[in-house]
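The values are calculated or read from the model by the stated rules, or taken from the named source; none is laboratory data. Bear in mind the structure is a predicted one, so any value in this text is a computation, not a measurement. Every residue, glycine as well, gets a Cβ built from its backbone with ideal geometry; the counts of neighbours run over all protein chains shown. Ligands, DNA and RNA are stripped out before the accessible areas are found, and what is left, the full protein with its side chains, is counted by its heavy atoms. Shrake-Rupley method; radii C 1.70, N 1.55, O 1.52, S 1.80 Å.
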Amino acid sequence: MESEKILVGDALDLRMEQQARPKDWVPPEPLPRYDLVVIGGGTAGLVAAHGAAGLGASVALVERRWLGGDCLVTGCVPSKALLRSARAVQEVRRAPELGVGATLGEVDFSAVMARMRRLRAEIARTDSAARLAEIGVHVFFGSATFSGQDRIEVEGRTLRFRRAILATGARPRGLSAPGAGEVPFLTSETVFSLTERPRRLIVLGAGPVGCELAQGFRRLGSEVVLIDRGRLLSRDDPEASDLLRQVFEREGIDLRLGQAPTGVRLRDQEVVVHLAETEVSGDRLLVALGRDPNVEGMGLEAAGVQVREGKLVLDERLRTTNRRIYASGDVAVPYQFTHAADATSRLVLRNALFRGRRRFSELVIPWCTFTDPEVAHVGSAPGSVPPGASTVRVGHEHVDRPILESRTDGFTKLHVDRRGRIVGATVVGAEAGEQMAEIVLAMSARLSVQQLVDAVHLYPTRSEVVRKAAEAWLREHRWARLRRWAGLALKLGSAA
Ligand SMILES: Cc1cc2nc3c(=O)[nH]c(=O)nc-3n(C[C@H](O)[C@H](O)[C@H](O)COP(=O)(O)OP(=O)(O)OC[C@H]3O[C@@H](n4cnc5c(N)ncnc54)[C@H](O)[C@@H]3O)c2cc1C
């Protein structure tokens with residue numbers, strides 16, 4: 001039984017709503033036909049609408065809830081605001097290690113959440129309905145349903161289009177264990193409406209959302225049990241999972257890995273999760289078992305858009321089986337991140353409006369889980385490194401900045417092909433996500449590790465790790481060969 005409250009509904013939330021879904025919004029009179037209709041006003045939809053309007057196209061955007069979508073209301077923005085407060089707690093706890101006396105007072109959980117709502121309301125201005133209207137986008141609030149190959153219905157209005165983009169996002173997967181119907185649980189949609197700190201939070205699922213929130217709530221003072229049938233962050237490098245496991249154990253998170261729930265029930269107002277040989281209980285249960293694309297209830301059949309096993313059927317250019325309709329963001333691709341929503345919308349815009357031929361597989365899409373340390377990855381993973389490529393690893397305990405910060409938990413791994421180009425990387429450490437920028441640029445621009453080494457990196461920064469890793473690869477694979485040749489040349493020279 002999923003809790004339903006997404007917003008608290010206080011003055012801060014009303015301020016957010018006034019931007020993201022104004023109560024007094026008067027929808028415009030629809031044009032006879034739009035160049036582009038965008039369905040969904042999350043990151044993917046907003047990027048598409050802004051881009052197309054900027055190019056002079058006539059654009060309508062339909063949103064059933066709030067502009068800004070998941071990222072603004074129930075995803076990146078609230079989670080990163082909460083994690084910032086959690087990090088502050090950890091900084092105070094660790095201050096004595098730096099010679100600074102500090103004692104942690106009581107964490108005011110409701111103030112932490114109010115700060116989050118205040119920042120969310122502030123950020124909502126960026127993508128407000130008023131801003132979209134200013135650039136000429138026609139904004140309609142309501143659920144869009146296709147009524148034909150080239151038209152949708154929204155709140156009794158028909159919008160016809162030359163091209164459409166499905167940007168309807170994804171939603172948290174529910175709980176299917178026996179007993180799920182009787183047990184109240186939170187998901188990423190509802191967890192940010194908490195105003196009281198859970199005493200003991202059970203988190204089901206140790207993917208990015210589960211891991212970030214488990215650590216966040218633990219640092220803010222909840223007892224936390226984290227359950228997963230596999231390891232932490234199963235899509236990341238196993239060494240990264242292992243390092244994070246050690247950090248979580250140190251911070252007192254009760255980890256139940258390699259265990260799946262066999263059932264759930266309520267006992268004296270407590271949620272009980274049964275595992276194969278034991279059970280755990282808590283006052284709150286957070287289900288973070290992944291997210292499914294929103295493809296239902298839109299009349300996709302009427303538009304000739306095919307869905308297979310709950311996913312849109314798309315070609316490499318992210319076009320659906322109706323050649324007028326494209327898709328981007330969480331509904332379209334397995335990389336369910338804001339930057340992927342942004343990138344796929346840009347790609348789709350070119351393909352939809354300019355008959356472009358850009359392929360999804362050409363994009364280099366990194367990801368980062370904002371735990372502490374952060375876990376960031378791009379490209380090939382250890383198990384899928386192409387033949388002939390090799391891996392170098394630099395531990396952050398060998399780099400000055402992490403040493404000086406007393407934050408050496410972490411490493412940088414580069415997978416490099418024979419030609420000296422990076423094909424994949426994992427960075428674990430403080431601000432690992434920031435370090436990824438250089439690696440992604442190198443991969444996108446096909447720079448060689450030699451070029452990375454030649455670029456002067458600021459000292460002392462964490463970016464030096466990337467240079468050191470690139471240098472380590474050159475030392476092992478190029479310079480050793482050069483030294484051998486040089487040695488041979490010297491020998492030949494002295495023999496002559
Ligand atoms: C807790 C959490 C933390 C996250 N943190 C990060 C992070 O740090 N970094 C990162 O990159 N990503 C993060 N993400 C993922 C990120 O939020 C999503 O990848 C991103 O929001 C996807 O954007 P989108 O536009 O594809 O979908 P959404 O933002 O979900 O937007 C889709 C929109 O479509 C609307 N819609 C759906 N159906 C219809 C319809 N029929 N008619 C009209 N409107 C419709 C929905 O209401 C919604 O507003 C996080 C996600 C969660 C849950």
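Relative to the 2.2 N^0.38 Å rule of thumb, segment 183-250 has a C-alpha radius of gyration ratio of 1.12. Taking amide H positions as modeled 1.01 Å from N, with prolines and chain starts lacking one, the residues under 5 Å from ARG171 and 5 or more places away or on another chain are ASP292, ASN294. Mean separation of Cα pairs under 8 Å and 6 or more residues apart, divided by the residue count, gives segment 35-162 a relative contact order of 31 percent. With the cut-off at 1.5 for a/c, could you classify segment 29-68 from its C-alpha gyration tensor as rounded, prolate or oblate? Verdict is oblate for segment 29-68.
Taking N as the number of residues in segment 229-291, what is its Cα Rg relative to 2.2 N^0.38 Å? Could the numbers behind the result be given before it?
On the way: Rg = 13.3 Å, N = 63, 2.2 N^0.38 = 10.6 Å.
In units of the 2.2 N^0.38 Å rule of thumb, it is 1.25.
Note on segment 1-129: the alpha carbon radius of gyration divided by the globular reference 2.2 N^0.38 Å gives 1.40.
Per-residue ellipticity at 222 nm computed for the chain from its helices equals -10000 deg cm²/dmol, with DSSP H segments shorter than 4 residues left out and the rest contributing -39,500 (n - 2.57).
As a test of understanding, state the convex hull volume per residue of segment 352-496 from its alpha carbons, in Å³. Display every interim value, and only then the final one.
Details: hull volume 24.3 nm³, N = 145.
Convex hull volume per residue, Cα atoms: 168 Å³.
For the chain, the share of alpha carbon pairs falling in successive 10 Å distance bins from zero is 4, 17, 24, 25, 18, 7, 2, 1, 0, 0 percent.
Once the cut-off is 25 Å, how many percent of the Cα-Cα pairs in segment 331-428 end up in the long-distance tail? Here the tail beyond 25 Å accounts for 37 percent of pairs.
Counting Lys and Arg as +1 and Asp and Glu as -1 over every other residue whose Cβ lies under 9 Å from the Cβ of GLY310, the net charge comes to -1. Scattering from segment 293-387 was approximated by placing one identical point on each alpha carbon and applying the Debye formula without solvent; log10 I(q)/I(0) at 0.11, 0.13, 0.16, 0.18 1/Å stands at -0.39, -0.53, -0.75, -0.89.
Three principal axis extents of segment 440-496 based on alpha-carbon atoms, in descending order, are 48, 26, 16 Å.
Within the accessible area of the chain, what % is carbon and sulfur when the probe is 1.4 Å and the other protein chains stay in place? The value for the chain is 50 percent carbon and sulfur by accessible area.
Applying D = kT/(6 pi eta Rh) to segment 97-144, where Rh is the Kirkwood radius over alpha-carbon pairs, T corresponds to 20 °C and eta to 1.002 mPa s, the Stokes-Einstein value obtained is 145 µm²/s. Over the C-alpha atoms of segment 177-316, the Rg to Rh ratio, Rh being the Kirkwood estimate, stands at 1.05.
In this structure segment 67-146 gives 45 Å² per residue of accessible area when probed at 1.4 Å with all protein chains present. Of all lysines in the structure, the ones whose alpha carbon falls short of 27 Å from that of LYS468, not counting any fewer than 8 places away in one chain, are LYS413.
Solvent-accessible surface of segment 169-266, averaged per residue with a 1.4 angstrom probe and all protein chains in place: 38 square angstrom. Report, in whole Å, the centroid distance computed from the Cα atoms of segment 1-39 and segment 261-305. If you average the Cα positions of each part, the centres end up 27 Å apart.
Heavy-atom accessible area per residue, segment 311-459, 1.4 Å probe: how many Å²?
Working: 6800 Å² over 149 residues.
On a per-residue basis, segment 311-459 sits at 46 Å².
Quick one: compute the contact order of the chain, relative version, from alpha carbon pairs under 8 angstrom and 6+ residues apart, as a percent.
Details: 1006 pairs, mean separation 67.0, N = 496.
Contact order relative to length: 14 percent.
Inverting the pair-averaged 1/r between distinct Cα atoms of segment 107-238 gives 18.8 Å as its Kirkwood hydrodynamic radius.
Using a ≥ b ≥ c from the Cα gyration tensor of segment 154-216 (square roots of the eigenvalues), is it rounded, prolate or oblate, where a/c under 1.5 gives rounded and otherwise the larger of a/b and b/c decides, a/b for prolate?
Working: a/c = 2.50, a/b = 2.21, b/c = 1.13.
Prolate shape, in that a/c is at least 1.5 and a/b is the bigger ratio.
Put simply, the amide H of VAL224, placed in the peptide plane, has neighbours under 5 Å in LEU201, ASP254, leaving out anything fewer than 5 places away on its chain. In whole percents, the pair-distance distribution calculated for segment 287-337 from its alpha-carbon pairs, binned every 5 Å from zero, is 4, 20, 32, 25, 12, 5, 2, 0.
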